[in-house]
Amino acid sequence: VGGQSMDPPRHFQEVLGLDFSQAFVDAANTMKENGKATVTMQTEGELTVEREVQLPLGVFPQRARFVQGDACNLPKSHFGPFDCILCANLLCRLPSPQGLLERLPSVVKPGGVVIFVSPYSWLLEYTAREKWMGGVEVDGESVYSETTLKRCMKALHFDLVEEQDMPFLIREHARKFQWGCSHATVWRRRNPKAREANASMK
């Protein structure tokens with residue numbers, strides 16, 4: 001949920017925002033209903049200031065709905081398939097990123113798109129080390145998340161369409177900001193009928 005769920009309605013008639021945090025879902029619904037919200041920002045130490053944030057012009061919040069859910073345990077029925085799925089800064093905050101990847105073929109339409117945006121900041125508080133997609137050595141070899149993701153998505157019959165680095169800035173307080181750079185990849189699901197046709201021609 002968040003800004004990423006408010007922009008897609010410009011291009012899609014219906015958008016579903018899913019988050020594990022009910023508090024985040026509630027905040028998204030407040031923005032949807034009111035078009036604005038009051039937030040508290042740290043300025044220094046224990047000092048804070050309140051600011052009003054508003055939705056930009058040209059968005060269609062009425063096309064979006066927000067629900068609490070678990071990306072590692074998506075509903076088995078009445079969920080999708082979708083034309084596009086955006087996983088923004090999600091992979092390295094899941095207890096089982098591989099579990100999410102394996103569900104994608106069942107929730108993405110043939111020809112549909114999956115977008116991953118992740119800085120691959122693996123932390124034990126979110127993901128057990130054995131579940132990390134990269135950032136470790138295995139048998140003396142360095143394993144990188146980007147390589148693992150590409151291998152897994154190819155095995156699941158998704159083709160890489162585009163990739164790029166996406167810088168981001170997070171405000172901590174008035175004089176401290178966190179700069180990061182996520183890796184963004186866009187994947188298109190292959191058409192199963194096309195695969196079957198190609199296989200029959202061989």
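The values are calculated or read from the model by the stated rules, or taken from the named source; none is laboratory data. A quick note: this is a predicted structure, and the numbers were derived from the prediction, not measured. Glycine also receives a Cβ, built like all others from the backbone with ideal geometry; neighbour counts cover every protein chain displayed. Heavy atoms of the whole protein, side chains included, go into the accessibility calculation; ligands, DNA and RNA do not. Shrake-Rupley method; radii C 1.70, N 1.55, O 1.52, S 1.80 Å.
Key figures
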{"read-out": "Counted residues, the stretch 149-197 - those being farther than 30 Å from THR48 by Cα, open to solvent by 70 Å² or more (accessible area, probe 1.4 Å) and in contact (Cβ under 8 Å) with a residue 60 or more places away in the chain", "value": "3"}
{"read-out": "Those strands (runs of 3 or more DSSP E) lying entirely in the stretch 16-117 with at least 2 residues of a type in the set (Gly, Ala, Ser) and open to solvent by less than 70 Å² (accessible area, probe 1.4 Å)", "value": "none"}
{"read-out": "Pair list, Cβ < 8 Å and 6+ apart or interchain, from the stretch 26-38 residues that are under 20 Å from VAL49 (Cα atoms) to residues that are in a helix (DSSP H, G or I)", "value": "MET31/MET6; MET31/PRO61; ALA37/ALA27; ALA37/THR30; ALA37/MET31"}
{"read-out": "Residue satisfying all of: in the stretch 126-137; assigned to a loop (DSSP other than H, G, I, E, B) and more than 19 Å from the chain's Cα centre (by Cα); nearest to THR147 (Cα to Cα) among these", "value": "GLY135"}
{"read-out": "Test result for VAL107, within 23 Å of GLY3 (Cα to Cα), of a type in the set (Val, Ile, Thr) and more than 14 Å from the chain's Cα centre (by Cα)", "value": "yes"}
{"read-out": "Those residues of the stretch 127-142 which are exposed (fewer than 14 other Cβ atoms within 10 Å of the Cβ) and either within 27 Å of GLU162 (Cβ to Cβ) or of a type in the set (D, E, K, R) (or both), in sequence order", "value": "ARG129, GLU130, GLU137, ASP139, GLU141, SER142"}
{"read-out": "Pair list, Cβ under 9 Å, 6 or more apart: the stretch 120-148 residue more than 12 Å from LEU94 (Cβ to Cβ) and basic (Lys, Arg), other residue open to solvent by less than 70 Å² (accessible area, probe 1.4 Å) and not in a loop (DSSP other than H, G, I, E, B)", "value": "ARG129/VAL136"}
